[in-house]
Each structure stands twice: as C-alpha cells, then as structure tokens.
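Reading through the structure tokens given below for one structure.
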Amino acid sequence: MEITDKIKILKKEKNAVILAHNYQSSEIQDIADFVGDSLGLSMEASKTSASVIVFCGVHFMAETAKILSPQKTVLLPEKSAGCPMADMIDPEGLKALQSRHPQAVTMCYVNSPAAVKALCDYCCTSANALRMAQGILSKNKKIIFVPDQYLASYVAEKANCDFIKWEGYCPIHSEILPGHIMLAKKLHPQAKVIVHPECKPDITSLADVVTSTEGMSRYVRSSPDKEFIIGTETGIIHRLKKENPDKHFYPASDKAVCADMKKINLEKILFSLENMSHEITLPDDIMDKARLSITRMLETI
C-alpha cells in the first residue's frame, strides 16, 4: 500500500485534518486538506469537525492552531521544526523593551512564540500589518513591533510612522539580494516581481508587488501577466503552478529554502498519526492571553 493511502486511512480513523504551509514541499501540499499561510490554516482547522490537527509547518504555527482550537489535539510531525525569527525573541526580552516604553502598544507578528503573543496587545500577519498599524496610530499610540525588523520597516514606510522595533528577521528572506532580483529580471524581462515584506528594503524597493504569501496567490490568479519572479521561500511556487498552469514562475533565488519547513515528509506524517506525536501543549493562561491578541486583531480588521 502506498504511504499516501496509509495516511488517508489513518486520517479518517483519527478524525484528523492535515494542514500544509505554503512553504512545505510539494508532496506535503498535495496530501493536505488545506494549504495556506499560518494563521489562515489555523482558522480553517478551527472551523472543522476534526478532533486532530496535523500541522505541517513550524512550531509557532502549531502553537497558533492550538490557541485557536484548544479542545483539539494538535500534532507537529517534526518536533525540531522551528522558526529562526520566532526564536529571536523571548518573553523576558519583550518585557524589558515594554518597561522602557510603558505607554506604547505592543503588536507582534504572528511569527512569534505563544508566550510572546501572550504579552502583546495585538497580533498581526504580513497581510494585515499595515491596516493594524494604521488603526492603532489613529488612536495616537506608539507601537512596539516585534520581532521582524524588515516587516516593521516596510509597514512604517507605508504608514509614515516610526516603530519601536525588535531587531529580528527571517534568515531566508534576508538572504535574497538585489543581485538576485536584477539577474532574474535580466533573464525574464517580461516577468512581474513579487516579493514578501519580510525581505529587506533594498529588495521591496525593486518589486512590482510586495505582499504576503496569500496575497501572492490572489495577485497571480487575477493578473493578466504570464510570468512572475517570486521573492519568498521557493515552496510556494508549487502552489502557484497548480493554481495557474498557464503561467510561469521563477524564484528570485533558488537558495531561498527554509530547512525547517522541509524537515517534514510523508513518513513523518504517517508516524505522527500512528503515534499521535508530537503533541503541542500550552498552559491555559498563555493560550488565553495569546488568544486575546489574535481576537483583537480579527476584530480590528
């Protein structure tokens, strides 16, 4: 029996739903019930009748799924799949920053640990960070923005404001360089350049479109253009090709590969379902406080 067939049988037996982030490998995306960004996946899973969530992504994503579905069992098939950006901030560091700016509102990017979300007033995604910031600024509040300094820089420029920034970043996006974009444009002069706002300012300034992974999917689907240079983790290109078989996609850098995202494979999904591992657990108080920051975001947008 094929491993995919075994997974499907076990998924039905365990009443499980499989989520795959846009950066997962093609074989994982193809077996998933939902493919998307981290918050969107967690929200979709919370609406299902599934009692088990298998989250093919990284640790903070599985935590978010648990926060939004505390009554469900959430499994991360590879327990070492982490996020370097999320690991760049911790509760103690954030508390110290907040103590220096007691009047500021704290907004955290969803790419942060649950314990950090629990200390924040608002959560945000790369898709809604600008709208969130504009709403908070309209109340004449200063904003502590954690942990991604480059997303903060992009949003601050668009909102014409200054943030109190944490100096975190995504190593994958930060290694996409202007030379990569220029070479790709030389090779594909008709292609539109779409990049993620986690990229550095010298990359976003070269792009035709700066948007989240879900924004990329929507833009490409509605665009009359046929060629696109994609400035984010290369895993999303599989999804873009499936959704747009008549269009062509080129990675800004073929080295933009997240090793943590690629740790999960079909064998690990099967093992996870067979053994109900590795389960994500969080203290109730952390979940409740973190959920509040996410709820406030959803109410704001």
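The values are calculated or read from the model by the stated rules, or taken from the named source; none is laboratory data. Everything numeric in this text was worked out from a predicted model, so none of it was measured. Methodologically, a virtual Cβ is constructed for each residue, glycine included, from the backbone with ideal geometry; neighbour enumeration extends over all protein chains shown.
Consider ASP121 carefully, then state whether it is of a type in the set (D, E, K, R), more than 17 Å from ASP37 (Cβ to Cβ) and touching a Lys or Arg at 6+ places or on another chain (Cβ under 9 Å). I'd like the intermediate steps shown before the answer.
Working: of a type in the set (D, E, K, R): yes; more than 17 Å from ASP37 (Cβ to Cβ): yes; touching a Lys or Arg at 6+ places or on another chain (Cβ under 9 Å): yes.
Criteria met by ASP121.
From the residues in region 60-76 that are over 10 Å from THR281 (Cβ atoms) and within 15 Å of the chain's Cα centre (by Cα), which one is surrounded by the fewest Cβ atoms within 10 Å (Cβ to Cβ)?
This residue is PHE60.
Quick one: ILE181 ticks every box in (1) in contact with a Ser or Thr (Cβ under 9 Å, 6 or more places away or on another chain); (2) surrounded by fewer than 21 Cβ atoms within 10 Å (Cβ to Cβ); (3) farther than 30 Å from LYS79 by Cα except a single one, so which number is it?
(2)
Working carefully through the options LYS165, LYS141, LYS158, LYS186, find the one that is under 20 Å from SER112 (Cα atoms), over 17 Å from the mean Cα position of the chain (by Cα) and without any contact (Cβ under 8 Å) to a residue 40 or more places away in the chain.
Working: LYS141 fails: under 20 Å from SER112 (Cα atoms); LYS158 fails: under 20 Å from SER112 (Cα atoms); LYS186 fails: under 20 Å from SER112 (Cα atoms).
Every option except LYS165 fails the conditions.
So which residues in region 254-289 are hydrophobic (A, V, I, L, M, F, W, C), surrounded by fewer than 17 Cβ atoms within 10 Å (Cβ to Cβ) and under 19 Å from GLN71 (Cα atoms), if there are any at all?
MET276, the sole residue that qualifies.
If you go through region 243-283, how many residues are without any contact (Cβ under 8 Å) to a residue 40 or more places away in the chain and closer than 25 Å to LEU75 by Cβ?
Within region 243-283, residues that are without any contact (Cβ under 8 Å) to a residue 40 or more places away in the chain and closer than 25 Å to LEU75 by Cβ number 3.
Kindly evaluate GLY215 against the criterion of being over 19 Å from MET85 (Cα atoms), of a type in the set (Gly, Ala, Ser) and in contact (Cβ under 8 Å) with a residue 40 or more places away in the chain.
Working: over 19 Å from MET85 (Cα atoms): yes; of a type in the set (Gly, Ala, Ser): yes; in contact (Cβ under 8 Å) with a residue 40 or more places away in the chain: yes.
Against the criterion (over 19 Å from MET85 (Cα atoms), of a type in the set (Gly, Ala, Ser) and in contact (Cβ under 8 Å) with a residue 40 or more places away in the chain), GLY215 qualifies.
Could you list, in sequence order, all residues of region 250-274 that are closer than 30 Å to ILE194 by Cβ and in contact with a Lys or Arg (Cβ under 8 Å, 6 or more places away or on another chain)? Talk me through it step by step, then tell me what you get.
Going residue by residue through region 250-274, those that are closer than 30 Å to ILE194 by Cβ are 250-266, 269.
Passing the criteria: none in range.
Would you pick out the residues in region 13-39 that are of a type in the set (Gly, Ala, Ser) and modelled with pLDDT of 95 or more?
Here is the first cut: in region 13-39, the ones of a type in the set (Gly, Ala, Ser) are 16, 20, 25-26, 32, 36, 38.
Residues satisfying the conditions are ALA16, ALA20, SER25, SER26, ALA32, GLY36.
Considering region 277-301 alone, what residues qualify as being modelled with pLDDT of 95 or more, among the aliphatic types (A, V, I, L, M) and part of a loop (DSSP other than H, G, I, E, B)?
If the condition is that a residue be modelled with pLDDT of 95 or more, among the aliphatic types (A, V, I, L, M) and part of a loop (DSSP other than H, G, I, E, B), then ILE280, LEU282 are the ones that fit.
Name the residue, out of ALA96, ALA114, ALA86, that is surrounded by 22 or more Cβ atoms within 10 Å (Cβ to Cβ), over 12 Å from the mean Cα position of the chain (by Cα) and either under 23 Å from TYR150 (Cβ atoms) or of a type in the set (D, E, K, R) (or both). Full working, then the answer.
On the way: ALA96 fails: surrounded by 22 or more Cβ atoms within 10 Å (Cβ to Cβ); ALA86 fails: over 12 Å from the mean Cα position of the chain (by Cα).
After ruling out the rest, the residue left standing is ALA114.
For region 199-222, which positions are assigned to a loop (DSSP other than H, G, I, E, B), small (Gly, Ala, Ser) and either crowded, with 16+ Cβ neighbours inside 10 Å or in contact with a Pro (Cβ under 6 Å, 6 or more places away or on another chain) (or both)?
Here is the first cut: in region 199-222, the ones assigned to a loop (DSSP other than H, G, I, E, B) are 199-200, 205-208, 211-212.
This time we only want the ones that are small (Gly, Ala, Ser), so: 205, 207, 212.
Selection gives ALA207, SER212.
Residue under question is ILE176, and the condition is that it be farther than 20 Å from LEU298 by Cβ, assigned to a loop (DSSP other than H, G, I, E, B), touching a Lys or Arg at 6+ places or on another chain (Cβ under 9 Å) and in contact (Cβ under 8 Å) with a residue 12 or more places away in the chain; does it hold? First the steps, then the outcome.
Numbers: farther than 20 Å from LEU298 by Cβ: yes; assigned to a loop (DSSP other than H, G, I, E, B): yes; touching a Lys or Arg at 6+ places or on another chain (Cβ under 9 Å): yes; in contact (Cβ under 8 Å) with a residue 12 or more places away in the chain: yes.
Here the answer is yes, as ILE176 does meet what is asked.
Are there any strands (runs of 3 or more DSSP E) wholly within region 1-63 with 2 or more residues that are more than 13 Å from PRO77 (Cβ to Cβ), and if so which?
The qualifying strands (runs of 3 or more DSSP E) are 34-36.
If we scan region 139-147, do we find a residue that is over 20 Å from THR295 (Cβ atoms) and either among the small types (Gly, Ala, Ser) or crowded, with 18+ Cβ neighbours inside 10 Å (or both)?
Residues of region 139-147 over 20 Å from THR295 (Cβ atoms): 140, 142, 147.
Now drop any that are not either among the small types (Gly, Ala, Ser) or crowded, with 18+ Cβ neighbours inside 10 Å (or both), which leaves 147.
Yes, region 139-147 contains at least one residue that is over 20 Å from THR295 (Cβ atoms) and either among the small types (Gly, Ala, Ser) or crowded, with 18+ Cβ neighbours inside 10 Å (or both).
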